[in-house]
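For reference, the structure discussed in these notes is given below.
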Amino acid sequence: MFKAHKERKAAEAQASALAAWQSERDGYAALVETARNYQGETSSALLLHAGEVQFASVTNCALVEERKGPGTWQGQSHGVSIPVVAGVRYRVGATKGHFVAGEQHPSAIDHGEMVITNVRVCFLGSAQTRECDFAKLLGFSHGEGFTTFSVSNRQKPTTVYYGPKAAEWVHFRLDLALAHFRGDVADFVGAMEAQLATLDAGRPTSPAAP
């Protein structure tokens, strides 16, 4: 009886592992298929240049920049007021102190839509717009639900927050758009196909039939 219970638990664990693998494999295979065939599309949010196509549009994004918090006076003292004669007081122990500037911290300065094309990334907000041209791109880095772009024609980097749930999809679409911009789509697809083959090689064994 104990042996049958142990075998049933092992079979359940195998089935769970196989289902998780299959879900991951199906999702990755869909990305590979997109990388092979997707060529971009028109945009309803951005006026595209000749030969430009949209690879992603993400709504409910935030444009994030470093902003200083409120400063404070430190070491300031009003001292003690001592009466000297009628109507005259003498203040002792007063110090002016010094002003300490507020610390820099990231703040959302606008909300809007991020559009990724085969030549640039644009943030389109209600008050602010930012354009990061791939030809001027110095680098980019991903954080937890956001990406920061550095371009040669802008002193400050551009950070767009889109949330952790959209991160994987945004990263893939950005990589695919950059592959089209650089003309190395075949290499990009080949690397993804190699990763899919590695995933297939790690397929868990199927549960044994009862």
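Taking K and R as +1 and D and E as -1, what net charge do the other residues with C-beta under 15 Å from the C-beta of N60 add up to? Don't skip to the answer; put the middle values down first.
Values: positive: K165; negative: D110, E113.
So the environment of N60 carries a net charge of -1.
So what's the net charge close to G145: Lys and Arg +1, Asp and Glu -1, counting the other residues with Cβ under 13 Å from its Cβ?
Details: positive: K165; negative: E144, E168.
After counting each charged neighbour, the total is -1.
Under the rule of at least 5 residues apart or a separate chain, name every residue whose amide H is placed under 5 Å from the amide H of N118.
V53, F55
Once the other residues with Cβ under 15 Å from the Cβ of P204 are scored (Lys, Arg +1; Asp, Glu -1), what is the net sum?
Once all neighbours under 15 Å are counted, the net charge is -2.
Stretched out fully, how many nm does the piece from K165 to S107 gain, at 0.36 nm a residue minus the Cα gap?
Details: separation 58, 0.36 × 58 = 20.88 nm, distance 2.02 nm.
Taking 0.36 nm per residue and subtracting the Cα distance, the gain is 18.9 nm.
What ratio of Cα Rg to 2.2 N^0.38 Å holds for the stretch 142-210?
Computed over Cα atoms of the stretch 142-210, the ratio equals 1.63.
Between the DSSP loop rule and a limit of at most 13 other Cβ atoms within 10 Å, which GluC sites (Glu not before Pro) in the stretch 143-204 are left?
Sparse-neighbourhood loop GluC sites (Glu not before Pro): E144.
Sketch the reach of a paramagnetic label on L199 as a point 7 Å from Cα along Cα-to-Cβ, and name the residues of the stretch 35-52 whose backbone nitrogen lies under 17 Å away.
Inside the label zone: 35-38.
Quick one: if you stick a label point 7 Å off each Cα along the C-beta vector at A127 and S16, how many nm between them?
It works out to 5.0 nm between the two label points.
Within the stretch 111-210, list the chymotrypsin sites (Phe, Trp or Tyr not before Pro) lying in a DSSP loop whose Cβ has at most 12 other Cβ atoms in a 10 Å radius.
Details: sites: F123, F134, F140, F146, F149, Y161, Y162, W169, F172, F181, F188; in loops: Y162.
Here no chymotrypsin sites (Phe, Trp or Tyr not before Pro) fit, given the DSSP loop and packing criteria.
By how many nm would the segment from E52 to E66 grow when fully extended, if each residue of separation counts as 0.36 nm and the alpha-carbon distance is taken off?
Answer, rounded to one decimal: 1.9 nm.
Quick note: the coordinates plus some simple rules give every number you see, no bench work behind them. Because the structure is predicted, anything quoted here is derived from the model rather than measured. Glycine also receives a Cβ, built like all others from the backbone with ideal geometry; neighbour counts cover every protein chain displayed.
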